[in-house]
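Undergrad: Below is one structure. I have some questions about it.
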Amino acid sequence: GESVGLHLPTLSVQEGDNSIINCAYSNSASDYFIWYKQESGKGPQFIIDIRSNMDKRQGQRVTVLLNKTVKHLSLQIAATQPGDSAVYFCAENNPGGGADGLTFGKGTHLIIQP
Amino acid sequence: GAGVSQSPSNKVTEKGKDVELRCDPISGHTALYWYRQSLGQGLEFLIYFQGNSAPDKSGLPSDRFSAERTGGSVSTLTIQRTQQEDSAVYLCASSLEAGRRVEQYFGPGTRLTVT
């Protein structure tokens, strides 16, 4: 099965509100995580990453939180805008495996309502 | 180029036919990755290249799938004797170098429909 996954397939928030997208991972050896945003008809776009030696990392309007105790990752988007509507994927980079590819969760569709 | 490009953007083929999907990575990027995204699903890793060699082919779903990369640049993903379950969006990504903590830049994908 997949080693990463998301709790909710769809999240609807009002424009201007904050949103939180959650992700669970199962491999305790995972040491690097990435959030990607995918708009309709486009490839995934890097948002922010975090290494396992950190609990929190902030970007522009986005914050990623990592809780290694419960193997949980979240993406917080502040003051959501219509352009934030997209599918958001968390991903881990296979730790210790031969592949350098990413293992993605199924994604959460974020809908920003006016 | 400015980003990763893929062609064709859409491909409709009949079951049993072979298809070739092309990826042009960002100039100077030595690592190249192929993923598959089925409808409503996350991305499934297929294969990656470091230069022209493919250290890991474990993600390829069957022996009908193959990929090559020449000149350390363009890559083609070939699917032989296509089946309906091959229908998906095939995404290519590249990164400056291979590594587990290197940002990958994705192309727009090729939407493959097998009828």
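The values are calculated or read from the model by the stated rules, or taken from the named source; none is laboratory data. Quantities reported herein were computed from a predicted structural model and do not represent experimental measurements. A quick note on method: Cβ atoms are made from the backbone with ideal geometry, for glycine too, and the neighbour counts reach across all protein chains shown. To get the accessible areas, we keep the full protein, side chains included, count just its heavy atoms, and leave off ligands, DNA and RNA. Shrake-Rupley method; radii C 1.70, N 1.55, O 1.52, S 1.80 Å.
Undergrad: Taking the criterion of being in contact with a helix residue (DSSP H, G or I) (Cβ under 7 Å, 6 or more places away or on another chain) and outside any strand (DSSP E or B), would at least one residue in the range B:10-27 satisfy it?
TA: yes
Undergrad: Are there any pairs, at least 6 apart or on different chains, whose C-beta atoms fall under 7 Å, with the first in the range A:11-38 and on the phi > 0 side of the Ramachandran plot and the second among the hydroxyl-bearing types (S, T, Y) and not in a strand (DSSP E or B), and if so, which?
TA: A:G16/A:T80
Undergrad: Does B:S94 satisfy the condition of being under 30 Å from A:A29 (Cβ atoms) and not in a loop (DSSP other than H, G, I, E, B)?
TA: Answer is yes for this residue.
Undergrad: Take the range B:53-77 and flag every residue that is surrounded by 13 or more Cβ atoms within 10 Å (Cβ to Cβ) and small (G, A, S).
TA: Passing the criteria: B:A54, B:G59, B:S66, B:A67, B:G72, B:S73, B:S75.
Undergrad: Please go through the range A:70-89 and pick out each residue that is out of contact with any strand residue (DSSP E or B) (no Cβ under 6 Å at 6 or more places or on another chain) and either surrounded by 20 or more Cβ atoms within 10 Å (Cβ to Cβ) or under 17 Å from A:G41 (Cβ atoms) (or both).
TA: Result: A:G83, single match.
Undergrad: Separate question: Please verify whether B:Q104 is closer than 18 Å to A:Y36 by Cα, without any contact (Cβ under 8 Å) to a residue 60 or more places away in the chain and within 13 Å of another protein chain (Cβ to nearest Cβ), treating the condition exactly as stated.
TA: The answer is no for B:Q104.
Undergrad: Hey, can you tell me all the residues within the range B:31-85 that are among the small types (G, A, S) and assigned to a strand (DSSP E or B)?
TA: Scanning the range B:31-85 gives B:A31, B:S53, B:A54, B:S66, B:A67, B:S75.
Undergrad: Still on this structure: Out of B:P55, B:P61, which single residue is under 18 Å from B:K15 (Cβ atoms) and at pLDDT below 95?
TA: B:P61
Undergrad: Additional query: Anything in the range B:62-88 that is within 14 Å of chain A (Cβ to nearest Cβ) and closer than 22 Å to B:T115 by Cβ? List them, or say none.
TA: Residues satisfying the conditions are B:L77, B:A88.
Undergrad: Report yes if B:S94 is open to solvent by less than 40 Å² (accessible area, probe 1.4 Å) and of a type in the set (G, A, S), otherwise no.
TA: The answer is yes for B:S94.
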